[in-house]
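The values are calculated or read from the model by the stated rules, or taken from the named source; none is laboratory data. Predicted model, so just to flag it, every value in this text is computed and none were measured. Counting neighbours? That spans all protein chains shown, and the Cβs are built from the backbone with ideal geometry, glycine included. To get the accessible areas, we keep the full protein, side chains included, count just its heavy atoms, and leave off ligands, DNA and RNA. Shrake-Rupley method; radii C 1.70, N 1.55, O 1.52, S 1.80 Å.
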Amino acid sequence: MIVALCLLAGAVSAGWWMPRWLRSRDLRRRGPVPLILCWVLSAVGVALAAVAGVVLLLLPSHGSFGPLLASISGCWDALQHGSPPEVEQAGGALGLALLGAAACRLFVVGARGVRRRARVRREHLAALRLAGRADGEATVWQAHDRPLAFSLGGRGESSSPRKGCAAISTAMP
């Protein structure tokens, strides 16, 4: 009976407080998807807890947890005594293999990202060089009167000011 009443009390308190807590979240600083997901999951959790509480109250013995507690106790005893050394060695080898695979995957994904960023940078620099006039290796002047400049970082850094920037730099003492 205690478990059933706890489930019902939890369902009532979650049903009362979760909507207020979710409404108080600031949507300007977060996306709405996690909040909508929390809203739906909390509604499902409240409904399941309420149904489980009512079912346990309606059962004649209020749900017998004796066999469940006995199996949990047996599992705890087995874990306390430990496992054979061969199982621990196999688990360690499996963990080491998984760690190595994760490190290789991280390296491959990182290298792929570096190559992709370098290719995009080269494409942007080629487009700027087509549209502008190169002044040395690092500066590409764009023919436009509005003063604006931007820089491409990385190896062989480059900047691309517009013609309006030249007027500003010559007017400044």
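For the pair Leu48 and Val108, the difference between a 0.36 nm per residue extended length and the Cα-Cα distance amounts to 17.2 nm.
Distance between the 7 Å Cα→Cβ label points at Thr139 and Arg25: 5.1 nm.
Estimated at the nearest 10 Å², the accessible area of Cys104 is 80 Å² with a 1.4 Å probe. For Leu148, the residues 5 or more places off, or on other chains, whose built amide H falls under 5 Å of its own are Arg162, Gly164, Cys165. Applied to segment 48-55, the Karplus parametrisation 6.51 cos²θ - 1.76 cosθ + 1.60 on θ = phi - 60° returns per-residue 3J(HN,Hα) values of 5, 5, 5, 5, 5, x, 5, 4 Hz, with x for Gly and Pro.
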